[in-house]
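I am attaching a structure below and will ask some questions about it afterwards.
Every number in this text was worked out from the coordinates using simple rules, so none of it is lab data. Predicted model, so just to flag it, every value in this text is computed and none were measured. Methodologically, a virtual Cβ is constructed for each residue, glycine included, from the backbone with ideal geometry; neighbour enumeration extends over all protein chains shown.
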Amino acid sequence: MDEGERGAAARVDYAALRRVCASLTEGEDDAVALMATLACELHHSDDRFDWTGFYRVVAPGLLKIGPYQGGHGCLVIPFERGVCGAAARTGEVQLVPDVEAFPGHIACAASTRSEIVLPVFDASGATIAVLDIDSDRPDAFDADDARELAALLADTFTR
C-alpha cells in the first residue's frame, strides 16, 4: 500500500461515525457528556486527527478546555486569539492548512501543522463551544471534513 492509499484508508467514514455517535448519545442532554463522547469517537476514527477536543464557552469572550483526546491543550483561549477564538468570535468554520501562516495562531502543541475548528451551537443557536481538531500533517482537512463535522455537531447538539 502506498502513501496515498494509506491516507485514503485512514479517513473517517462520516456516515458510519454519525450513526455510532447518534446511538451512543441517544437520550443524553448534558453538553459535557456529549462532548466527551464525540471527542473520543472522532479522535479514534481517523489517523489525521492528532488532537481532538472541545473548548467550551465559559464566559463572554472566553473559552476553556473541555473534553479532549491527545496531548495537553491550552487551558484558556480568549475569543480574540488563535484559530479557536476566531471560530467562536465569527461563528464560522476555520479551515487552516498551515498553522504557521495563520495570524495569531496559538501553538498549544509544536507538532500541529494544520487544523479545523468548528463552532458548536445549541438548539437556540447560541455558541456553546468550538470543536478543535489538530493534525500533525500539513493541509490535512478540506471542505468535506467541514461539512461532515458540522452535520455531526448539529445532529448532537441542536436536537
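Sorted by mean Cβ packing within 10 Å, highest first, what order do the peptides 62-75, 107-120 take?
On the way: 62-75: 17.5, 107-120: 19.9.
Highest to lowest by the protection proxy: 107-120, 62-75.
What residues have an amide H closer than 5 Å to that of Val120, excluding those fewer than 5 places away on the same chain, when H is modeled at 1.01 Å from N in the peptide plane?
Those qualifying (amide H under 5 Å, at least 5 residues apart or on another chain) are Ile128, Ala129, Val130, Leu131.
Defining a contact as two alpha carbons under 8 Å apart and six or more residues distant in sequence, what relative contact order in percent does the stretch 116-159 show?
Working: 43 pairs, mean separation 21.0, N = 44.
Relative contact order for the stretch 116-159 comes out at 48 percent.
Here's another thing I want to ask about it. Semi-axes of the stretch 33-88's equivalent ellipsoid from the Cα gyration tensor, sqrt of 5 times each eigenvalue, largest first, rounded to whole Å?
Numbers: eigenvalues 88, 29, 16 Å².
After diagonalising the Cα gyration tensor, the semi-axes are 21, 12, 9 Å.
Okay, next question. Under a Cβ-Cβ limit of 4.7 Å, which cysteines in the chain have nobody to pair with?
Cysteines lacking a close Cβ partner in the chain: Cys21, Cys40, Cys84.
Could you run the Karplus curve 6.51 cos²θ - 1.76 cosθ + 1.60 with θ = phi - 60° over the stretch 113-127 and give me ³J(HN,Hα) per residue in whole Hz, x for Gly and Pro?
10, 8, 7, 10, 10, 10, x, 10, 10, 8, 4, 8, x, 6, 7
Right, next: Could you work out the local net charge near Ala15, counting Lys and Arg as +1, Asp and Glu as -1, over the other residues with Cβ closer than 13 Å to its Cβ?
Local net charge: 0.
Over the chain, what lengths in whole Å, largest first, do the semi-axes of the equivalent ellipsoid take, defined as the square roots of 5 times the eigenvalues of the alpha-carbon gyration tensor?
Three semi-axes, in Å: 22, 21, 13.
Within 11 Å, Cβ to Cβ, of Ala36, how many net charges do the neighbouring residues add up to if Lys/Arg are +1 and Asp/Glu are -1?
-3
Still on this model: With a 10 Å cut-off between alpha carbons and a GNM built on the chain, which of Thr127, Thr90, Thr52 moves the most?
Thr90
Moving on. What 222 nm value per residue comes from the helices of the chain, counting each DSSP H run with n ≥ 4 as -39,500 (n - 2.57) and dividing by all residues, nearest 500 deg cm²/dmol?
On the way: 5 runs with 57 residues, N = 159.
Per the formula, -11000 deg cm²/dmol.
Counting only C-alpha contacts under 8 Å and six or more residues apart, can you give the relative contact order of the chain as a whole percent?
Once divided by the residue count of the chain, the mean separation gives 20 percent.
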